[in-house]
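The values are calculated or read from the model by the stated rules, or taken from the named source; none is laboratory data. Everything numeric here is computed off the predicted structure, so don't read it as measured data. Cβ placement follows ideal geometry from the backbone for every residue including glycine, while neighbour counts extend to all protein chains displayed. Surface accessibility is based on the protein's heavy atoms, side chains included, excluding ligands, DNA and RNA. Shrake-Rupley method; radii C 1.70, N 1.55, O 1.52, S 1.80 Å.
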Amino acid sequence: MTDSAVAEAINSGELPGRVWIYSNYHCNLACSYCLTESSPRSERRQLTAEQMLTIAIEAKSLGFTGIGVTGGEPLLLPWLPETVAAMAAHLPVLLLTNGTLLGGDRFERAAPFAHPDVAVQISLDSHLPDVNDMARGPDNFEKVVALVPRLIVSGVRVRIATTTAGPLDGPTLEPLRALVRSLGVSDEDHIVRPIVRRGRADERDLGVFAVARDIPSELTIAADGAFWGSFGPSVRAGRLDTDLLLTRTILPLSIPASTLLATLRGLPEGADASLGIR
Amino acid sequence: MGNDVRMSRSQLLDADQAPITTRVYFADGDPGPIVAALATVPELLGPALSFVGAALGPGSVTTRAKELAILRTSVLQGCRYCIHAHTAVALDVGLSTDEIHGLHGDIALEDAFPQVAERALIGWIDALAGATGAIPDDVWIAAREHWPEHALVELTVTVGATMFLNRLATGLELPTSDQVTARLTKEGLA
Ligand code: SF4
């Protein structure tokens, strides 16, 4: 599989354009459905700023169209905001964060995110503080609701992600949608997705089972290797899941990218392509 | 040749944890510890198995010569896993228990292998797998008197591939399968 085959596959829509990067696995929270079993005590499994920037540069030259940064909680890395801005010089960056590490004086760390090619995606699971905080930890609701308008006023594009065991649309979601709108986030920037039964969600019997075909085939890079889809590098009982592992080699990015494309072309149809996982 | 029941030093993946690019190797059940260990680095599994399969599988030399090379190399390298596995294969391809004892070093090679051609081949294998550094010309010349050059090249690759497996299995402490242990016990070779 040549590099130009990857570019053609992205152009034609056969391969998704976004590369996900797991910057680290540790987190200040320990959500009930966390795919990576993240917590403050998790092994860090951390990429370096140089690796992340190199991935962005090589992703662009391979024809990818965007970068997503996730974890763990990326903002636990001191250098993360500046690295996101540096990556955005090459490709648009979507940063996923729990939004709890930018309160008070720490808000100034968000300055590099006021960039035309950076968007910040923050989790909010319910319009009811208790329900949200049951899954995501004490005071999470209050911190997120306070942060989002502050970011928007500062010129940061904000998306909200809701992860739920309930319906993905319909009237029960309306109060949450109204809350998200009131924070200044449009419906198109509010995504609702199911809990995927991997990692801690699997241990706690939460969420939907998913096979590879149900999971968008986005190239995903973590310290442990390259994976099929952003749900690939999950952790269960302290051990990395390897079922969606593509290669241990992460750079040059052409190696995992061409392996992903070859795998995509060789896979049988999945059990259910309509789970709405994204 | 003791029966080592230790667990593998590295993780042996099962079908549920088999990386997406390696599932074909797990489709018919347990693929064995070499595949299960190599699958943790999926990009190496296919190339490694292609090489090992070509080097150890059917070729221009007889299966007997190949097994002789594989088992003797494994003995010289002290690889418990490969000695067990290939003692069973050697029985399958028709080596006698005396010949196997000879390759194991339990009885004199001259007694186990009366044919000069096979002893010359074992001399070449011993020089490759049982020593380091340059190999004296006379070992090569003695083998060449009985074996065409291409056969010695092929068997040299077989020895090299076996040494790769020997160090992999020894380094990772791959477990001998229960079936192999039972077979060798039954034949008095455990
Ligand atoms: S779901 Fe996100 S915020 Fe929650 S513990 Fe996992 S990494 Fe942290």
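Descriptive notes on the structure:
- Reachable lysines from B:Lys186, criterion Cα separation under 26 angstrom, eight or more residues apart if same chain: B:Lys66
- What you get for the protein assembly as shown, charging only the Cβ of Lys and Arg (+1) and of Asp and Glu (-1), is a dipole of about 1160 debye around the Cα centre.
- Three-way shape call for chain B based on the alpha-carbon gyration tensor, with the a/c threshold at 1.5: prolate
- Cα long-axis angle, helix A:254-266 against chain A (0 to 90 degrees, to the nearest 10): 90
- Based on DSSP H segments of at least four residues, each scored -39500 (n - 2.57), the protein assembly as shown has a per-residue ellipticity at 222 nm of -12500 deg cm²/dmol.
- Note on chain A: GNM, Cα springs under 10 Å; of A:Ile221, A:Ile255, A:Ile160, the largest mean-square fluctuation is that of A:Ile255.
- Label-to-label distance, nm, for residues given as A:Arg193 and A:Ala114 (7 Å Cα→Cβ offset): 2.9
- Relative contact order of region A:3-263: 21 percent, from C-alpha pairs under 8 Å at least 6 residues apart in sequence.
- Residues of chain A: accessible area per residue with a 1.4 Å probe, Å²: 41
- Fraction of accessible area attributable to carbon and sulfur, the protein assembly as shown (%, probe 1.4 Å): 55
- Hz values of 3J(HN,Hα) by residue in region B:85-90 - Karplus curve (6.51, -1.76, 1.60), Gly and Pro given as x: 4, 8, 5, 5, 5, 4
- A 1.4 Å probe, protein heavy atoms only, puts the accessible area of B:His86 near 30 Å².
- Estimated vicinal HN-Hα couplings, Hz - region B:177-183 in sequence order (Karplus 6.51, -1.76, 1.60; Gly, Pro = x): 6, 4, 4, 5, 4, 5, 4
- Measuring r between the beta carbons of B:Gln179 and B:Val93 and using R0 = 25 Å, the FRET efficiency lands at 0.90.
- Cα gyration tensor category, rounded, prolate or oblate, for region A:105-232 with a/c compared to 1.5: oblate
- A cut-off of 5 Å between modelled amide H atoms, ignoring neighbours fewer than 5 places along the same chain, links A:Ile21 with A:Gly68, A:Val69, A:Thr70, A:Ile221.
- Estimated FRET transfer efficiency (A:Ser4, A:Asp169; beta-carbon r; R0 45 Å; 0.05): 0.70
- Choice from B:Thr63, B:Thr73, B:Thr176 with maximal GNM fluctuation in chain B (Cα, 10 Å cutoff): B:Thr63
- Positive-end residue, the protein assembly as shown charge dipole about Cα centroid, Cβ charges, pick of A:Ala9, B:Pro175, A:Thr259: A:Ala9
- Largest-first ordering by accessible area, 1.4 Å probe, given options B:Lys186, A:Lys143: B:Lys186, A:Lys143
- Between B and A, roughly 1100 Å² of accessible area is buried in total, ligands, DNA and RNA not counted and the probe set to 1.4 Å.
- Rounded to the nearest 10 Å², the accessible area of A:His26 at probe 1.4 Å: 10
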